[in-house]
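Right, one structure below, let's go through it.
The values are calculated or read from the model by the stated rules, or taken from the named source; none is laboratory data. What you are looking at is a predicted structure, and each value in this text was computed from that prediction instead of being measured. Reconstructed Cβ throughout: ideal geometry from the backbone, glycine too, with neighbour counts over all protein chains shown. The protein model used for the area step is the full one, side chains on, heavy atoms only, and it has no ligands, DNA or RNA in it. Shrake-Rupley method; radii C 1.70, N 1.55, O 1.52, S 1.80 Å.
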Amino acid sequence: MEKIAIVGVGPVGVSMGLALMDRRLSNTEIVITSGDRNIVSAVSKLGAANRTITSMRDAVEEAHLVILDAPISEQRDIMDTIGPYVASGAVVTDTSNIKAPVMKWAEELLPGDSNFVGGYPLLKSPPESIEESDADVFAGVKYTITPMKASDEQSIRTVVGLVEALRAHPVFLDPAEHDSYAAAMHHLPVIMSSAFVTATAGSDGWREMHMLAESQFNNFGRHASNDPLDNEAVCLANPDSIVHWVDQLILELYNYRNDIKEVDSDGGDALLDRFVKAWEFRAKWEADAVVPREGTELPTAGESMMSAMLGDKLARRLRGVAKNEEEDRTRYVRRNR
């Protein structure tokens, strides 16, 4: 019988267990391990594994596939713990949104005859607690795969098979490329969220201002509630890429700042253009139209009563009323993701 061990473990790993259990894989045992007995109990109640245990050693011994689902701040310690017990020829993968340091630790701490292949599911709505774990969360999403130079073909196929069993779509990325993109998409929002909270809640007026802190403060400041050790670990693991994107954000914020300050001199046109540009980028992403699909004719926003919804000034701007505007900037349709 083959054995899949999920080690850590968080809501993503538990969701994996649920998805794999739903597939009813023949001759395969799913084992989930955590040092937290409360998590082990919760996983057992959910039925996310054939066995749930607290011993990482027992979980990974004789496992054909080991999935590490833990914060980056815990990954090295986990690899150090399981290294001596990972079976010869076993495939090890992870769910971290940063790859270079994890792959370095794998090379140092895992047996030389094991095979590490990095992975990360790009979940649109990741579960935030064990109780919210969901087998369907992977369905139709992209799942990055980042092999090491030493990864053999069979180990890569094993991870691809895992991804397809979860009903996700594998996407191959180089580790450096992955980490550069992740710095912008995953780590920069953490810094932005934390800076927003310290700038506002740390101000002299917070005692009174906090009464106005409702859904927007909650939503934008959500990442500031992450474990501070995890936030620090992510930044220190990928500093060069993160610093680059922080610099880009500072420059963009400064442009907004200048356009707001100088709004009287141009009637607000420059500021509106910035908001229109942001609106457009967001809408194209929502419509899955960032990369145009050949042969796809997307309706204009005007056909969706854009003027009534957005106002005539913005509608005219988006229709490209300017003489030098040659491209219809509204040829996409928004949809719920």
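Annotations for the structure displayed:
- Ligands, DNA and RNA are left out, and with a 1.4 angstrom probe the accessible area of the chain is 57 Å² per residue.
- Mean separation of Cα pairs under 8 Å and 6 or more residues apart, divided by the residue count, gives the stretch 18-90 a relative contact order of 28 percent.
- Shown is the FRET efficiency for Ala184 and Asp227, computed with R0 = 22 Å from the Cβ-Cβ distance and rounded to the nearest 0.05: 0.55.
- Linear extension gain, Arg274 paired with Arg207, 0.36 nm per residue minus alpha-carbon span: 20.9 nm
- Share of carbon and sulfur in the accessible area of the chain stands at 52%, probe radius 1.4 Å.
- For Phe275, the solvent-accessible surface computed with a 1.4 Å probe is close to 110 Å², ligands and nucleic acids excluded.
- Label sites at Ile53 and Ala287, each approximated as a point 7 angstrom past Cα along Cα to Cβ, lie 5.4 nm apart.
- A simple count of charges around Met1, restricted to other residues whose Cβ falls under 10 Å of its Cβ and scoring Lys, Arg +1 and Asp, Glu -1, yields -2.
- Normalising the average separation of contacting C-alpha pairs (under 8 angstrom, six or more residues apart) by the number of residues puts the relative contact order of the chain at 12 percent.
- The chain: most fluctuating residue of Gly13, Gly47, Gly205 per GNM, C-alpha cutoff 10 Å: Gly205
- With viscosity 1.002 mPa s and temperature 20 °C, the Kirkwood radius over alpha carbon pairs of the stretch 31-107 converts through Stokes-Einstein to a diffusion coefficient of 164 µm²/s.
- Within the stretch 193-294, the GluC sites (Glu not before Pro) that combine a DSSP coil assignment with at most 12 other C-beta atoms in a 10 angstrom radius are Glu214, Glu262, Glu294.
- Angle between the chain longest axis and helix 153-165 axis [Cα atoms, degrees, rounded to 10]: 60 degrees
- Considering only alpha-carbon pairs that sit under 8 angstrom and 6 or more positions apart, the relative contact order computed for the stretch 102-182 is 31 percent.
- Size check on the stretch 162-282: the Cα extents along the three principal axes, sorted descending, read 56, 36, 30 Å.
- Max mean-square fluctuation residue, GNM over the chain, Cα-Cα springs under 10 Å, options Thr52, Thr28, Thr146: Thr28
- Shape category assigned to the stretch 225-291 from the gyration tensor of Cα positions, a/c cut at 1.5: oblate
- In order through the stretch 240-247: 3J(HN,Hα) via Karplus (6.51 cos²θ - 1.76 cosθ + 1.60), integer Hz, x for Gly, Pro: 4, 5, 5, 4, 4, 6, 5, 4
- C-alpha long axis of helix 37-46 to longest principal axis of the chain, angle in °: 80 degrees
- Comparing Asp264, Asp69, Asp80 in a Gaussian network model of the chain where C-alpha atoms under 10 Å apart are linked, the largest mean-square fluctuation is found at Asp264.
- Evaluating kT/(6 pi eta Rh) at 10 °C and 1.306 mPa s, with the Kirkwood radius of the chain over Cα pairs in the Stokes-Einstein relation, gives 70 µm² s⁻¹.
- Rounded tilt (10° steps) of 228-237 against the dominant C-alpha axis of the chain: 90 degrees
- Full-extension gain in nm, His64 to Val243, via 0.36 nm per residue minus C-alpha separation: 60.6 nm
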